[in-house]
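Asks: There's a structure below that I have some questions on.
The values are calculated or read from the model by the stated rules, or taken from the named source; none is laboratory data. Since the model is a prediction, treat every value here as computed from it, not as a measurement. Cβ coordinates were reconstructed from backbone atoms using ideal geometry, including for glycine residues, and neighbour counts include every protein chain displayed. These accessible areas exclude ligands, DNA and RNA; they are computed on the full protein's heavy atoms, side chains included. Shrake-Rupley method; radii C 1.70, N 1.55, O 1.52, S 1.80 Å.
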Amino acid sequence: MNGAEALLRTLLDNDVNTCFANPGTSEMQFVAALDRHTDMRGVLCLFEGVATGAADGYARMTGRPAATLLHLGPGLANGLANLHNARRAGTPVVNVVGDHARSHKSLDSPLESDIDSAAATVSSWVRRPAEPADVGPDAAAAVAAALSAGVPGDTDPSRTGTSGAVSTLIVPADLSWSEGGQPATRLAARSLRSVADREVDTIAALLTGPETVALLIDGAGLGESGLHAAARIHKATGTPLFCPTWPARLRRGAGVPEIQPLSYRSEAVHQQLGGIEHLVLIGAREPVASFAYPGRPGSFVPSGTTVHQMVPEAGFDVVGALTRLADTVAPGGAAPLLEPGAPSLIPDEPLRTRNWAQVIGTVLPQDAIIVDESITEGMNTLAAATANAPAHDVLGLKGLAIGQGLPVSVGAAIACPERPVICLQADGSALYTISALWTQAREGLNVTTVILNNRSYAILRAELDRVGAGRTGQAAEALLDLSRPDIDFTAIATGLGVPAGRARTTAELAEQFAKAQATPGPHLIDAILQPEDAG
């Protein structure tokens, strides 16, 4: 058995049965082995950033890793942005990166690069097997590492995981073709640690005391079990509940307890947290601004607010801690749930920032998966518009590296073929990974992509003002404008095999959305948004 065969069999034996791939010469032995192991679903992606983003979306919905198959250092480099997002989301991903044969490394051929260093920037675990016999055991170790969260570069075996981490296995080509490989049995992932009783008791005393307290919850705490526990706490104590602006995965909608996302802008967050004397972090990190701005603080925590880390971001049982806290302050209590929204008519008017999300909230199907990369257009509208929609999951842009939406929707649709996937995609960032549409078409995925087409990098217009850049002219505006020529997303989509239409009004968006939901396979709607001040 050669090394590639051992690698493939080990992945399957460790419940990794989907591989998002953009292979090259160094990975051909793995590709050939797929014919002998049809249990592994190979999904071709035309760009490595689609493969890595798809692996992220798959694991967010299944809780178990997919593999990626990437070609040498440049292939890994093409996928780094969405691996960054996966790392920030705590997503388990197993990267398999082919390298030159060991005898070829010293020749410094054109694609030679430092794969190990590049991988370490996003991976908690990086290894390259030394011999064919090492490939199987190292592959098993890669899966175990992906299921155990940590800090990139940290190999401390005492650390335990939350939802997961990125691991990277670098396989020289000669180990793939050489005999002597053996598949390896499953290794146990490190288990979650429990929060100490004294920590629970300390926070319970705060919640029932005279000072104002808020909870900031992330990670597994944003599933239904965690939200039910948090809602019991809120009902008993009045404690406000917050989550990050764009969580990796959030359950919400009718029949689900409510939680309020923090705003993106510091001034809005300071209003949300105004008067809060204690902010308790449960599986979350202290909220900070995404960027530095002249004269503005980097921390979102108001002065005078004390921060308490009850449950660290990685390695601890978030749901268990929330449940114990709820049992302490609200024993036997029931969680209040959001009621379904009343049926509403959609007025026929031009699409704008203020109304497109209302359409989505009105027509959203039951148990949908929303992949949210709406950015500017959804920042202040989407959460409110969909709050009482049928229960659904939202996958957010946790790492803020744009170009995630379309790839993550691929992975989510493959993970959950019985559920409708709705990709709400800003126009500028759609172009980073637009080839994901081709994979949607080839795989017949039930993804409805709504392009929020404002013909600009709208968020950067606001950033110019916030960084104090002053008045701008044609040269600056040219770098923020996506017209001249306008981008024809319907032509791009149909060229990649995805049926597409254009909507300019709320009625057209609702009609096309309903048609897409009624027809199997992928669809794209190019939603042309008018400026708010347009007539």
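Asks: Assuming R0 = 30 Å, what is the FRET efficiency of residue 299 and residue 188, from their Cβ-Cβ distance, to the nearest 0.05?
Replies: The pair residue 299/residue 188 has a calculated efficiency of 0.20.
Asks: Further question on the same structure: Using only the heavy atoms of the protein chains and a 1.4 Å probe, how would 293, 457 rank by accessible area, largest first?
Replies: Result, largest first: 457, 293.
Asks: Heavy-atom accessible area of residue 445 with all protein chains present, probe 1.4 Å, nearest 10 Å²?
Replies: Number for this one is 10 Å².
Asks: For a quick check of understanding: with a 1.4 angstrom probe and all protein chains in place, what accessible area in square angstrom does residue 308 have, to the nearest ten?
Replies: 50
Asks: While we're on this one: Could you compute the net charge surrounding residue 30? Neighbours are other residues with a C-beta less than 12 Å from the C-beta of residue 30; K and R count +1, D and E count -1.
Replies: -1
Asks: Restricting to Cα pairs below 8 Å that are 6+ residues apart, what does the relative contact order work out to for the chain? Please round to a whole percent.
Replies: Computed value for the chain: 15 percent relative contact order.
Asks: Using a 1.4 Å probe on the protein heavy atoms, what percent of the accessible area of the chain belongs to carbon and sulfur?
Replies: The C+S portion of the solvent-accessible surface of the chain is 54 percent.
Asks: DSSP beta bridges in the chain, what fraction antiparallel, as a percent rounded to 5?
Replies: Antiparallel: roughly 10 percent of the beta bridges in the chain.
Asks: Roughly speaking, what is the stretch gain from residue 179 to residue 105, that is 0.36 nm per residue apart minus the C-alpha to C-alpha distance, in nm to one decimal?
Replies: That works out to 24.6 nm of additional length.
Asks: Among all the aspartates and glutamates, which ones have a C-alpha under 15 Å from residue 398's C-alpha, if same-chain residues fewer than 8 places away are not counted?
Replies: Within the straight-line cut-off, residue 398 pairs with 56, 218, 286, 313, 372, 373.
Asks: Determine the calculated [θ] at 222 nm for the chain from helices alone, applying -39500 (n - 2.57) to every DSSP H run no shorter than 4 residues and normalising by the residue count; nearest 500 deg cm²/dmol.
Replies: Roughly -10000 deg cm²/dmol at 222 nm, from the helical runs in the chain.
Asks: Which whole-number percent gives the relative contact order of the range 350-467, counting Cα pairs below 8 Å spaced six or more residues apart?
Replies: 27
Asks: Let me ask another. Given the range 41-88 reduced to its alpha-carbon atoms as identical point scatterers, what log10 I(q)/I(0) does the Debye formula return at q = 0.14 Å⁻¹?
Replies: -0.29
Asks: Taking a probe of 1.4 Å, how large is the accessible area per residue of the chain, in Å²?
Replies: The answer is 40 Å² per residue.
Asks: In a Debye calculation with equal point scatterers on the alpha-carbon sites of the chain and no solvent, what is log10 I(q)/I(0) at q = 0.08, 0.10 Å⁻¹?
Replies: Each listed q corresponds, in turn, to -0.54, -0.84.
Asks: Now, a different point. Which value, in Å² rounded to 10, gives the accessible area of residue 398 with a 1.4 Å probe and all protein chains present?
Replies: Accessible area, nearest 10 Å²: 50 Å².
Asks: Now, a different point. What does the highest-first list of 129-138, 282-291 look like by mean Cβ count within 10 Å?
Replies: Going by the mean number of other Cβ atoms within 10 Å, highest first, we get 129-138, 282-291.
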